[in-house]
Amino acid sequence: MPPEFRSLSREDAVEFLEAHGLVAIKPPVRSSDFRLCTDSPFHYLLCRRMGLVPSLRWSEALNRGTWFHERFALMHLPESEADAQYTSLLGQRLDELMSTCQTHGIDGEKRRAILATEEQDHATSLAWYKACSTIEISKEYGTITQFLQSPHYRVICAECLLGASIMDPMRATDNPTPCVAQPDLLLYHTVQNSLWVVDYKTTSLPVADRAASCSIEPQTQHYLHVLEIQLKNAKFREQYNLPDDVRVGGMMHVIIQKPTIEFGMKDRDYILDTTPLKSGPRKGMPRNEKVYQGEPRLENYIQRCLEWYHGEGEYAHLSPERVLNPPVNISFTSADALLDSMWRSQYLARLRSVNRWRALKPDPGLFPWPVSVSGKTGRRDPYADFVLRPISEWPEIVKQNGFAIVRRDLETPEEEQESTDG
């Protein structure tokens, strides 16, 4: 029999959830909220307003993207020091996973698999970084690292949290919406007296296809609006030794195509078998076959990634494609976009939509369920039980499924919740 959904009245639901520690807040708007609210307001309530996150949630795309960002954040250090810090981060993450597994009674083969997956993602992302950093974007720019370390750029900060309150002219009587942005990197162009946001993106698409939409995406609009307001803050300019007349330069998306090759058995050491063939059209000619031995080595995978990115060696057949569609490039969105009334109006319309769900009374009945409990990969959504089971069972779902309450920002519960049934 299906569960009884209406085990609690809507009037009692919020009070019941708060009594069990599931307190909804009004978080400042992040760029990820735009997609989350569009895809599923119900998930926005659970993830952002209640802060519910599966303790052992894993996605290959997200996990490798995170590790890739971590290595790029160390780009300005000497390579040996950067690699050492990157390895140290893995140790910290493994300790964290061990602790989480212990808390939830996960041991044996399952725990070993979780740790091994994390180690593989860490190593894979390092190989991608090492290999893609050798790709020359252009004669003028050089490689990614050479361009971002150009003498006319000064690093302001990496992963620093920027805050701004954005007023909606169409709702001038409303309070401004608190917003935050956390750029991968902020660069000051000393010649142009401008500040640039840098964002790293790994993609399975051809780089040109991924770059096509960068300028109109909510993240770009959000970051540039937040930065525009932030630069009016004298304390911010003083903190980073910026001139009073510094301006927004724009946003750079550093886009890297992810290799289609995996770290695995082909990355073992090998010897070349050159014994003559005894039959067939190549009889008497050397076999020239690889005979693998030992365990896979990261150095070998890095070499394969180098060949994949450059279209060389085993991947020479990709050479024409590499010329037509380079696997690494930079997309620039100028701050002139801030002067475009349509572009700005589109952002404010998006912000208005997010703010509706942000300010709404946290009654689960007001937040539309997702249309399916299967995720985009076809696997069961980790939040499915919150849809399929009654609210009275939510505290138990949190315990059973290993959810943690994580607040990304320094947030406090709202004393008064705005309420509307639409």
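The values are calculated or read from the model by the stated rules, or taken from the named source; none is laboratory data. Every value quoted in this text rests on a predicted model; they were computed, and no experiment measured them. Cβ: placed from backbone, ideal geometry, glycine included. Neighbour counts: every protein chain shown.
Which one of 318, 339, 360, 366 is more than 24 Å from the chain's Cα centre (by Cα), of a type in the set (A, V, I, L, M, F, W, C), crowded, with 16+ Cβ neighbours inside 10 Å and within 30 Å of residue 148 (Cα to Cα)? Walk me through it before giving the result.
Numbers: 339 fails: crowded, with 16+ Cβ neighbours inside 10 Å; 360 fails: within 30 Å of residue 148 (Cα to Cα); 366 fails: within 30 Å of residue 148 (Cα to Cα).
Exactly one residue qualifies, and that residue is 318.
Filter the strands (runs of 3 or more DSSP E) completely within the stretch 255-347 down to those with at least 2 residues that are in the same structural domain as residue 208 (by TED's automatic domain parsing).
Working: elements: 269-273, 289-293, 328-334.
Because the criterion is at least 2 residues that are in the same structural domain as residue 208 (by TED's automatic domain parsing), the strands (runs of 3 or more DSSP E) in the stretch 255-347 that meet it are 328-334.
Restricted to the stretch 160-186, and to residues that are in a loop (DSSP other than H, G, I, E, B) and touching a Leu at 6+ places or on another chain (Cβ under 6 Å), which residue is nearest to residue 31 (Cα to Cα)? First the steps, then the outcome.
Here is the first cut: in the stretch 160-186, the ones in a loop (DSSP other than H, G, I, E, B) are 160-161, 167-168, 172-176, 182-184.
Applying the additional criterion that residues be touching a Leu at 6+ places or on another chain (Cβ under 6 Å) yields 168, 182.
Values: 168: 17, 182: 9 Å.
That would be 182.
Hey, does the stretch 133-143 have a residue that's surrounded by fewer than 18 Cβ atoms within 10 Å (Cβ to Cβ), small (Gly, Ala, Ser), assigned to a strand (DSSP E or B) and assigned by TED's automatic domain parsing to the domain that holds residue 334? Working first, answer last.
The first filter runs over the stretch 133-143 and keeps only residues surrounded by fewer than 18 Cβ atoms within 10 Å (Cβ to Cβ), leaving 134, 136-143.
Checking the rest, the ones that are also small (Gly, Ala, Ser) come to 138, 142.
Applying the additional criterion that residues be assigned to a strand (DSSP E or B) yields 138, 142.
From what's left, assigned by TED's automatic domain parsing to the domain that holds residue 334: none.
No; the residues of the stretch 133-143 include none that is surrounded by fewer than 18 Cβ atoms within 10 Å (Cβ to Cβ), small (Gly, Ala, Ser), assigned to a strand (DSSP E or B) and assigned by TED's automatic domain parsing to the domain that holds residue 334.
Within the stretch 62-81, does at least one residue satisfy the condition of being farther than 26 Å from residue 183 by Cα and among the charged types (D, E, K, R)? If you could, list the steps in order and put the result at the bottom.
Quick first cut of the stretch 62-81, residues farther than 26 Å from residue 183 by Cα only: none.
For the stretch 62-81, residues farther than 26 Å from residue 183 by Cα and among the charged types (D, E, K, R): absent.
Residue-wise test of (1) surrounded by 15 or more Cβ atoms within 10 Å (Cβ to Cβ); (2) over 18 Å from residue 225 (Cα atoms).
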site	(1), (2)
146	no, yes
158	yes, yes
171	no, no
175	no, no
180	yes, no
185	yes, no
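Would you check which residues across the stretch 71-94 are surrounded by 11 or more Cβ atoms within 10 Å (Cβ to Cβ), of a type in the set (S, T, N, Q) and under 19 Å from residue 299 (Cβ atoms) and list them?
Kept after step one, since they are surrounded by 11 or more Cβ atoms within 10 Å (Cβ to Cβ), are these residues of the stretch 71-94: 71-77, 79, 82-87, 89-90, 93-94.
Checking which are of a type in the set (S, T, N, Q) leaves us with 85, 87.
Within the stretch 71-94, 87 is the sole residue that qualifies.
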